[in-house]
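K.L.:
I'd like to ask you about the structure that follows.
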2 protein chains.
Amino acid sequence: MKELAKELNVSVATVSKAMRDSHEISEQTKKKVLEAAARLNYTLNPYASSLRKRQSKTIALVLPEVADNFFSLAINGIQSVAERKGYHVLIYLSHEKFLNEVSILSECSSGRVDGVLISISSETTSAEHILKLQRENIPIVFFDREFEGLRIARVVTNDFECGYNAAIHLINNGCTNPVFLSISTSLGICNKRAEGFKAALLEMKAGDIENAVVVCKGTSGDEYSQIKKLLTGKNRPDGIVASVERLAMTVYLMSHETGISIPNQLKVVVFSTLETAPILNPPLTTITQPAFEIGKAAAELLFKGIEKKGYNLADEYVELPSVLTERMSSRNS
Amino acid sequence: MKELAKELNVSVATVSKAMRDSHEISEQTKKKVLEAAARLNYTLNPYASSLRKRQSKTIALVLPEVADNFFSLAINGIQSVAERKGYHVLIYLSHEKFLNEVSILSECSSGRVDGVLISISSETTSAEHILKLQRENIPIVFFDREFEGLRIARVVTNDFECGYNAAIHLINNGCTNPVFLSISTSLGICNKRAEGFKAALLEMKAGDIENAVVVCKGTSGDEYSQIKKLLTGKNRPDGIVASVERLAMTVYLMSHETGISIPNQLKVVVFSTLETAPILNPPLTTITQPAFEIGKAAAELLFKGIEKKGYNLADEYVELPSVLTERMSSRNS
DNA sequence: TTTATTTACGAAACCGGTTTCGTAATACAG
DNA sequence: CTGTATTACGAAACCGGTTTCGTAAATAAA
């Protein structure tokens with residue numbers, strides 16, 4: 001910038017203001033500066049600007065994983081908003097580990113980002129690391145997976161209702177012993193779905209509420225053997241609601257292996273954004289989250305918190321409904 | 001930092017050095033400083049450090065989209081390396097648009113990132129924006145989708161060979177008129193697959209080489225009608241190699257719609273990392289890219305270029321083979 | 001014509017660390 | 001006991017913009 005200023009016989013202050021289109025600078029001078037900058041291939045150093053302006057024009061996106069199609073779509077939604085606003089997106093993965101999440105959030109402090117979008121890990125049971133960030137006045141928005149009981153903005157889907165609807169759907173299609181496959185006892189989103197599921201059983205006086213929720217924890221190997229045990233053991237279910245994509249995949253593979261027929265012997269519904277659901281064998285009934293929209297809405301909320309200082313995000317709550325699409329896997333034969 | 005220095009009766013220089021574990025500072029003083037920092041909840045401002053040290057500890061990841069499972073897996077591979085190295089990852093999406101890619105790369109200059117990992121958009125036919133970055137001495141590594149003819153490091157898979165193998169596979173399974181479904185005439189990765197495919201036809205004296213490659217361009221609606229025309233027209237193929245996931249999905253949907261039987265009337269192979277391939281109807285033969293490994297290798301290469309100054313990345317070339325997994329969709333009945 | 005405003009720009013402080021260089025104190029060798 | 005190294009630390013310049021404040025010139029108002 002100094003060089004540019006010298007070359008044009010103006011001060012660095014003038015160059016700086018011209019580059020940022022300040023009203024203090026005449027159109028003529030602005031043009032001169034911009035042209036010279038283009039000619040010399042000069043662009044502002046973003047970190048020098050960030051340092052002085054105390055804003056990074058960057059947000060953090062903290063995800064448990066990107067294995068799932070849901071988060072891919074959410075990234076698209078978030079990115080589309082960030083791009084429009086001229087913001088940059090730092091992406092972090094917690095790999096479902098609480099400690100990773102803690103260290104990621106600590107990196108977000110001291111001005112690295114202007115805001116944080118987070119979907120918490122399935123291990124997270126304490127919110128101290130999140131509250132710490134909030135005390136630094138960094139706007140935070142939960143999307144999809146929230147930490148319950150906090151006064152922090154969130155964008156989620158109607159998990160309870162969908163769990164309820166899934167159970168009703170199975171019961172209406174003739175299931176007498178439906179089971180909900182969960183992946184975590186600490187994850188609010190999973191619990192809500194399970195709660196809705198149980199509420200429906202209770203209401204319909206169906207199934208065995210005591211054993212209606214099966215938690216598959218541990219490695220994918222553990223998951224596999226747990227599901228195998230469930231599907232081949234005595235008192236095996238005739239309906240399954242899988243809380244995530246991966247579990248439904250395992251159920252399908254297991255059914256192919258063991259010869260259990262879907263939907264005749266076992267009906268399946270899954271919470272998933274799986275695009276291949278209609279061409280599976282058999283086509284799979286899904287409860288699809290509006291992933292792109294959730295990401296987009298969360299990002300828009302975050303930017304409201306970032307741009308309007310003093311704007312209190314704490315009690316913002318957006319709920320975008322998922323849709324149940326009935327396919328062969330849960331149909332009554 | 002000033003406050004902290006005052007509180008401890010040392011200089012800011014000492015605090016700075018102590019925070020960074022400099023050998024110039026005694027263990028005793030270091031401990032004192034670190035404790036005080038922890039107590040006051042103080043962390044270094046990353047942008048001040050970046051500014052002075054002229055390194056951002058950040059890399060850019062430029063993707064065409066994240067719709068595809070391939071890029072999700074690649075993100076994981078890249079992130080795992082970056083995390084280990086203590087680097088941050090900025091994620092950008094070009095949405096397959098050349099102009100977006102240009103403006104993204106221009107953002108990467110002037111020190112915002114220490115290196116760039118990029119998979120080019122399907123529209124990109126000029127490399128000036130990439131060369132410009134290279135002239136600024138920013139290390140660049142292509143992964144999966146490279147711009148051919150440039151002396152820039154790249155990590156790819158054996159696309160030609162896989163195209164070849166896919167054709168041979170179809171021919172061996174009885175196809176007499178196999179077709180390759182491409183999505184772009186400018187994308188090297190797609191062309192290589194198509195070239196391999198044609199080479200096999202030539203060698204086996206099979207099929208109609210003139211019409212062996214069909215390019216599906218435009219919106220997904222266009223794509224749909226083009227494929228419909230192909231599959232229902234005269235001289236329709238009895239084998240298809242889809243260059244991307246999406247095309248295979250469309251082919252499957254179409255076959256369900258029109259009653260074309262896979263694999264009896266039409267055999268299908270797809271380039272894809274689709275996890276649901278084994279449970280599709282029918283199970284789908286895939287050529288699976290080692291997406292995680294490609295991402296990981298690309299990131300490792302990039303960091304070699306970043307950390308060892310003077311290290312010339314230009315001629316680095318890593319090829320990681322994909323694997324063809326035969327399933328029902330291409331089996332000879 | 002005089003005074004009040006507005007316009008266009010520059011000098012210098014500032015953002016928050018890092019690094020160079022100098023120096024006092026201590027350790028060590030001869 | 002003297003000369004040299006080493007250790008531990010501080011003063012100040014520096015990274016590259018931004019912002020405040022002051023001012024001269026031009027314009028408008030009285």
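K.L.:
Could you list all residues from the stretch A:35-49 that are away from every other protein chain (no Cβ under 14 Å) and either in contact (Cβ under 8 Å) with a residue 40 or more places away in the chain or surrounded by 15 or more Cβ atoms within 10 Å (Cβ to Cβ) (or both)?
P.N.:
The one that is away from every other protein chain (no Cβ under 14 Å) and either in contact (Cβ under 8 Å) with a residue 40 or more places away in the chain or surrounded by 15 or more Cβ atoms within 10 Å (Cβ to Cβ) (or both): A:36.
K.L.:
Output the number of residues of the stretch B:256-289 satisfying the condition of being out of contact with any Ser or Thr (no Cβ under 7 Å at 6 or more places or on another chain) and closer than 30 Å to residue B:141 by Cβ.
P.N.:
So the count comes out to 1.
K.L.:
When residues of the stretch B:3-12 are filtered for being more than 7 Å from DNA strand C (Cβ to nearest atom), at negative phi and without any contact (Cβ under 8 Å) to a residue 24 or more places away in the chain, how many remain?
P.N.:
Counting residues in the stretch B:3-12 that are more than 7 Å from DNA strand C (Cβ to nearest atom), at negative phi and without any contact (Cβ under 8 Å) to a residue 24 or more places away in the chain gives 4.
K.L.:
Being small (Gly, Ala, Ser), in contact with a His (Cβ under 8 Å, 6 or more places away or on another chain) and assigned by TED's automatic domain parsing to the domain that holds residue B:126 is the requirement here; does residue B:74 meet it?
P.N.:
no
K.L.:
If you scan the stretch B:291-331, which residues turn out to be part of a helix (DSSP H, G or I) and of a type in the set (Gly, Ala, Ser)?
P.N.:
B:291, B:295, B:297, B:298, B:299, B:305, B:329, B:330
K.L.:
If we keep just the residues of the stretch B:252-287 that are closer than 20 Å to residue A:69 by Cβ and part of a strand (DSSP E or B), which is nearest to the other protein chains (Cβ to nearest Cβ)?
P.N.:
Looking at the filtered set, the residue picked out is B:280.
K.L.:
Here is a follow-up. I'm checking my understanding of the structure. Among residues of the stretch A:75-100 that are more than 17 Å from residue B:61 (Cα to Cα) and among the hydrophobic types (A, V, I, L, M, F, W, C), which one is farthest from the other protein chains (Cβ to nearest Cβ)?
P.N.:
Looking at residues that are more than 17 Å from residue B:61 (Cα to Cα) and among the hydrophobic types (A, V, I, L, M, F, W, C), I get A:98.
K.L.:
Which numbered condition trips up residue A:108, out of (1) within 15 Å of DNA strand C (Cβ to nearest atom); (2) farther than 25 Å from residue A:304 by Cβ?
P.N.:
That leaves (2) as the condition not met.
K.L.:
Residue A:69 fails exactly one of the following numbered conditions: (1) more than 7 Å from chain B (Cβ to nearest Cβ); (2) of a type in the set (S, T, N, Q); (3) in contact (Cβ under 8 Å) with a residue 24 or more places away in the chain; (4) more than 21 Å from residue B:73 (Cα to Cα). What is the number of that condition?
P.N.:
(4)
K.L.:
Give me the residue from the stretch A:239-251 that is aliphatic (A, V, I, L, M) and away from chain B (no Cβ under 14 Å) and, out of that set, farthest from the chain's Cα centre (by Cα).
P.N.:
A:240
K.L.:
While we're on this one: Inside the stretch B:87-102, can you point out the residues that are surrounded by fewer than 21 Cβ atoms within 10 Å (Cβ to Cβ) and in a helix (DSSP H, G or I)?
P.N.:
Hits for the stretch B:87-102 are B:98, B:99, B:100, B:102.
K.L.:
Please pick out the residue among B:62, B:66 that is assigned to a strand (DSSP E or B), under 23 Å from the mean Cα position of the chain (by Cα) and not hydroxyl-bearing (Ser, Thr, Tyr).
P.N.:
B:62
K.L.:
Tell me whether the stretch B:69-86 contains one or more residues that are buried (at least 19 other Cβ atoms within 10 Å of the Cβ) and outside any helix (DSSP H, G or I).
P.N.:
no
K.L.:
Something else about it: Got at least one residue in the stretch A:45-54 being aromatic (Phe, Trp, Tyr), within 11 Å of DNA strand C (Cβ to nearest atom) and assigned to a helix (DSSP H, G or I)?
P.N.:
Within the stretch A:45-54, one or more residues are aromatic (Phe, Trp, Tyr), within 11 Å of DNA strand C (Cβ to nearest atom) and assigned to a helix (DSSP H, G or I).
K.L.:
Restricting the stretch B:18-34 to residues that are closer than 30 Å to residue B:139 by Cβ and surrounded by 11 or more Cβ atoms within 10 Å (Cβ to Cβ), which is farthest from DNA strand C (Cβ to nearest atom)?
P.N.:
Only one residue tops the list, namely B:22.
K.L.:
Checking residue A:15 against (1) assigned to a helix (DSSP H, G or I); (2) more than 9 Å from DNA strand C (Cβ to nearest atom); (3) touching a residue at least 12 places away in the same chain (Cβ under 8 Å); (4) surrounded by 13 or more Cβ atoms within 10 Å (Cβ to Cβ), which single condition isn't satisfied?
P.N.:
The failed condition is (2).
K.L.:
Among the listed residues B:332, B:281, which satisfies the condition of being touching a Gly at 6+ places or on another chain (Cβ under 7 Å) and more than 30 Å from residue B:85 (Cα to Cα)?
P.N.:
B:332
K.L.:
Scan the stretch A:14-66 residue by residue and report those that are more than 14 Å from DNA strand D (Cβ to nearest atom), in contact with a Lys or Arg (Cβ under 8 Å, 6 or more places away or on another chain) and small (Gly, Ala, Ser).
P.N.:
A:60
K.L.:
Identify, please: which residue in the stretch A:103-133 is assigned to a helix (DSSP H, G or I) and in contact with a Lys or Arg (Cβ under 9 Å, 6 or more places away or on another chain) and is, among those, nearest to the other protein chains (Cβ to nearest Cβ)?
P.N.:
Ranking the candidates gives A:106 first.
K.L.:
When residue A:139 is evaluated against the numbered criteria (1) within 12 Å of chain B (Cβ to nearest Cβ); (2) over 27 Å from residue A:247 (Cβ atoms); (3) touching a residue at least 24 places away in the same chain (Cβ under 8 Å), which criterion, by number, is the only one it fails?
P.N.:
Here residue A:139 clears every test but (1).
The values are calculated or read from the model by the stated rules, or taken from the named source; none is laboratory data. Computed from a predicted structure; not experimentally measured. Note that we place each Cβ from the backbone using ideal geometry, even for glycine, and neighbour counts take in every protein chain shown.
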